[in-house]
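Notes to accompany the following structure.
We did not get these values from a lab; they are worked out from the coordinates using the rules stated. Please read these numbers as outputs of a predicted model, since none were measured by experiment. For neighbour counting, all protein chains shown are included, and Cβ atoms are generated from backbone atoms with ideal geometry for every residue, glycine included.
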Amino acid sequence: MAEIIHGKRLAEKIREQVKHQVETLGHPPGLAAIIVGNDPASRLYVRLKEQAAKEAGIFFELLDFPEEVSTGKIIKEIKKLNDRDDIAGILVQLPLPSHDEDKVIAAINPIKDVDGFHAKNREHLAKEKASLVPPVALAVVQLIEATHQPLRGKTAVIIGNNPIFAEPIVHLLKAMQVKADFLQKDETSLAAKSQMADMIIIAVGKRNFLKPEMVKEGAIVIDVGTNKKENHVVGDVSPSIKEKAGFLSPVPGGVGPLTVAYLLMNVVRAATMQKSRHSKS
Ligand code: GUN
């Protein structure tokens, strides 16, 4: 039976640290979140981020737009947030209903890009000199490290739809000497590739997508999927994986809470960078 990796416990420790760091900052940093449309899962995540931010002493501002809002209007509001000294971090909850996500993210000042999705921050990460790394990538790596397994020289596949989430994970794993590859969910011979991997990170948004025959005996499986089933959330991994994998990060209670904790850590990091920039000018 797979050993369960408890992201929630790891997240609690990080949130305690962040709370402490916020106190030493001397002023509450601000986090602004932008949400567009009415996707219930996106609304739930933003609510969880708001709660966590407030508990850590970070002040939170929500910009809530209807689906019909123009890309231009969102960008205009982001520019106003860029100019505000009380806002240390800005995030745009993805996916956007029908807007140009790259254009919207490009409008965020990279020093306030707490999701680490801006092209500049992604470029820095590829060169291993990043300051704001995507929280979801940090969460995945922390969960893998929590297994205390030797990782050097091992192989990983990241199965997903969106390179904006997958590429940062590939970079972080490569920096740890893991041979990591991004696979699209409709890739030919996906199962043949995934069943060779020592680690599988899956984020496709399809319940029961990852089946036991796609997993190597004893593999580390990190479920990043979020799918609604009746009125609760399930991941992308079929329940019978537990009998085959060596370690499993479950949904809920795995990547989600840890991602929120690292987001808060990035808000503090961004606030600190902005403070030192101000004191220099
Ligand atoms: N949608 C799913 N995961 C994420 C995330 O980590 N950040 C943002 N902004 N949107 C998401």
Over the Cα atoms of region 64-181, compute the convex hull volume and normalise it per residue, giving Å³.
116 Å³
Based on the Kirkwood radius over alpha-carbon pairs, what value in µm²/s does the Stokes-Einstein equation return for the translational diffusion coefficient of region 132-186 at 10 °C and 1.306 mPa s?
139 µm²/s
Taking amide H atoms as placed 1.01 Å from N in the peptide plane, list the residues 5 or more away in sequence, or in a different chain, whose amide H sits under 5 Å from that of Ala197.
Lys216
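How long are the three semi-axes of the equivalent ellipsoid of region 238-281, in whole Å, if each is the root of 5 times an eigenvalue of the C-alpha gyration tensor, listed from largest down? Could you put the intermediate results ahead of the total?
Values: eigenvalues 320, 14, 4 Å².
Value: 40, 9, 5 Å, ordered largest first.
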Rounded to the nearest 10, the angle in degrees between the Cα long axis of helix 163-175 and the longest principal axis of the Cα atoms of the chain comes to 70 degrees
Just list whichever of Lys8/Lys154; Lys112/Lys185; Lys112/Lys211; Lys49/Lys185; Lys49/Lys229; Lys8/Lys211 have alpha carbons separated by over 30 Å in the model shown.
Lys112/Lys185; Lys112/Lys211
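Exposure proxy check: Tyr262, Tyr45 ranked by fewest other beta carbons within 10 Å? Kindly include the intermediate steps, with their values, before the conclusion.
Details: Tyr262 26, Tyr45 19.
Ascending number of Cβ neighbours within 10 Å: Tyr45, Tyr262.
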Using Cα atoms only, what is the angle between the long axis of helix 40-55 and the major principal axis of the chain, expressed in degrees (0 to 90) to the nearest 10?
60 degrees
What aspartates and glutamates could a cross-link reach from Lys228, if we take a straight Cα to Cα line under 16 Å and drop same-chain neighbours fewer than 8 places away?
Asp39, Asp236
Excluding residues fewer than 8 places away in the same chain, name every one of the aspartates and glutamates whose C-alpha is closer than 12 Å to that of Lys174.
Glu128
By how many degrees, 0 to 90 and rounded to 10, does the Cα axis of helix 7-25 deviate from the longest principal axis of the chain?
20 degrees
Using only the Cα atoms of the chain, construct the convex hull and provide its projected area averaged over every direction, in square nanometres to one decimal.
14.7 nm²
Could you list Phe59, Phe182 so that the one with the fewest beta carbons within 10 Å of its beta carbon is first and the one with the most is last?
Phe59, Phe182
Determine which aspartates and glutamates satisfy two conditions relative to Lys79: a Cα distance under 19 Å, and not lying fewer than 8 residues away in the same chain.
Glu61, Asp64, Asp100, Glu101, Asp102, Asp113, Asp115
With 10 angstrom as the radius, rank Lys154, Lys211 by how many other C-beta atoms surround their C-beta, starting from the fewest.
Lys211, Lys154
